[in-house]
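Only one structure is covered here, and it is reproduced in the block below.
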Amino acid sequence: MIIIVHGGAGKIPEEDLEDRKSVLTEAATQGLEKDDPLKAVEKAVRILENDPLFNAGYGGSLQLDGKARLDAAIMRSDLSAGGVINVEGIKNPITLANGVRRKTPHVLLQGEGALELARNLDLEMADETRSPKARKKWEDLMNDLSGLSYLEKLEKLAESKEGHDTVGAVALEGEVLAAGTSTGGVSTQMKGRVGDSPIIGSGLYCNEHGAVSTTGIGEAIIKVNLARELVYRIEGGLNVQEAAETAISRLDRSTGSRAGLIVLDSKGEVGTAYNTRDMQYVVKEDSGLA
Ligand code: ASP
């Protein structure tokens, strides 16, 4: 098995660098202990969702009304896929996304319908899904926006520099690839906003040629279908690292936006690329791979 995990491509505070790296390493290590790539991806992402240092699960950014509505998706190389959008009160959105994949005839479920599935699968719910840090950021934003009307707030949001982050993992064992991505979204987001992370082809993609998880400003990533774009390039014969770099430059050229990604191909070749300042990732491989 080989696995890559990432913790997003947002700016990482200097003081968090080391701690984040060790959680990423733990996530990759525990993922590697699983016997199949889909389970490995789910396990690694769950660990990152449970850690407040990352913008996913418990550490996820809040929407403008102060609620955490989370997005996640998971996909395997046989094209089976599941994702959840704007889910509240669930501890591990990636596991609910996998529930959509395993148990429903659909690919994406959102809001209350997704939660109904979670309850029926006995998934772990959480009374508080907002970390103290996420709440503090939201309170600061509320102070900046106080006294403004709804439409004035939107204008201010459009001008603000968005903070963002996400977590993701890709894995390969034998001929099977898997990819997963989970996020709280961007730091200044309207109620109900959906980014790229749960969208198949944008925030992640996986077929028999490659597995990709992306991160960055979702509004740009969606417009270029970044994850699918990258796998097309692998299918066209580019090597994985070249394909990764080309996909990021294409996003840059077309949208002027910033993103990062991790990718594995069917031979276990690793690619990573980003045009942001930071992107932490960890690659781990066990001796089982030829
Ligand atoms: N792509 C995520 C979103 O737009 C944020 C990120 O990856 O940093 O929701």
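The values are calculated or read from the model by the stated rules, or taken from the named source; none is laboratory data. Computed from a predicted model, the values in this text were never measured in an experiment. Note that each Cβ is placed from the backbone with ideal geometry, even for glycine, and that neighbours are counted across all protein chains shown. These area figures cover heavy atoms from the full protein model, side chains too; ligands, DNA and RNA do not enter into them. Shrake-Rupley method; radii C 1.70, N 1.55, O 1.52, S 1.80 Å.
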>> Let me spell it out: the conditions are (1) more than 18 Å from the chain's Cα centre (by Cα); (2) open to solvent by 60 Å² or more (accessible area, probe 1.4 Å), and Arg76 meets all of them except one. Which number is the exception?
In response: (1)
>> Among the residues of region 197-245, what is the count of those that are among the acidic types (Asp, Glu), over 16 Å from Leu177 (Cβ atoms) and open to solvent by 50 Å² or more (accessible area, probe 1.4 Å)?
In response: 3
> Can you tell me which of Arg277, Arg193, Arg253 is farther than 18 Å from Ala73 by Cβ and in contact (Cβ under 8 Å) with a residue 12 or more places away in the chain?
Replying inline: Arg277
>> If I ask for residues that are under 20 Å from Asn92 (Cβ atoms) and free of Cβ contacts under 8 Å to residues at least 60 places away in the same chain, which ones from region 127-182 would you list?
In response: Asp127, Glu128
>> Give me the residue from region 208-242 that is in contact (Cβ under 8 Å) with a residue 60 or more places away in the chain and farther than 11 Å from Leu264 by Cα and, out of that set, farthest from the ligand (Cβ to nearest atom).
In response: Gly216
>> Would you confirm whether or not region 113-125 contains a residue that is touching a strand residue (DSSP E or B) at 6+ places or on another chain (Cβ under 7 Å), open to solvent by 20 Å² or more (accessible area, probe 1.4 Å), farther than 30 Å from Val231 by Cα and assigned to a loop (DSSP other than H, G, I, E, B)?
In response: yes
>> Residues to consider are Val194, Val176; find the one that is at pLDDT 95 or above, open to solvent by 10 Å² or more (accessible area, probe 1.4 Å) and farther than 26 Å from Glu285 by Cα.
In response: Val194
> Looking at (1) under 27 Å from Gly83 (Cα atoms); (2) among the hydroxyl-bearing types (Ser, Thr, Tyr); (3) within 16 Å of the ligand (Cβ to nearest atom), which is the one condition that is false for Ser160?
Replying inline: (1)
> Quick one: which of Ala273, Ala227, Ala211 is of a type outside the set (D, E, K, R) and part of a helix (DSSP H, G or I)?
Replying inline: Ala227
> Is there a residue in region 52-64 that is away from the ligand (no atom under 14 Å from the Cβ), closer than 19 Å to Ala126 by Cβ and in contact (Cβ under 8 Å) with a residue 60 or more places away in the chain?
Replying inline: yes
>> Would you confirm whether or not region 82-99 contains a residue that is in contact (Cβ under 8 Å) with a residue 60 or more places away in the chain, open to solvent by 50 Å² or more (accessible area, probe 1.4 Å) and outside any strand (DSSP E or B)?
In response: no
> Of all residues in region 8-36, which are in a helix (DSSP H, G or I), touching a helix residue (DSSP H, G or I) at 6+ places or on another chain (Cβ under 9 Å), more than 16 Å from the ligand (Cβ to nearest atom) and of a type outside the set (S, T, N, Q)?
Replying inline: Val23, Glu26, Ala27, Ala28, Gly31, Leu32
> If you go through region 179-191, how many residues are open to solvent by less than 10 Å² (accessible area, probe 1.4 Å) and either touching a Phe, Trp or Tyr at 6+ places or on another chain (Cβ under 6 Å) or at negative phi (or both)?
Replying inline: 8
> In region 23-53, which residues are of a type in the set (Val, Ile, Thr) and open to solvent by 40 Å² or more (accessible area, probe 1.4 Å)?
Replying inline: Thr25, Thr29
> Can you pull out the residues in region 133-162 that are of a type in the set (A, V, I, L, M, F, W, C), farther than 26 Å from Ile12 by Cβ and open to solvent by 80 Å² or more (accessible area, probe 1.4 Å)?
Replying inline: Leu151
> Across region 1-12, which residue is modelled with the highest pLDDT among those that are over 22 Å from Ile90 (Cβ atoms), open to solvent by less than 50 Å² (accessible area, probe 1.4 Å) and out of contact with any Leu (no Cβ under 8 Å at 6 or more places or on another chain)?
Replying inline: Ala9
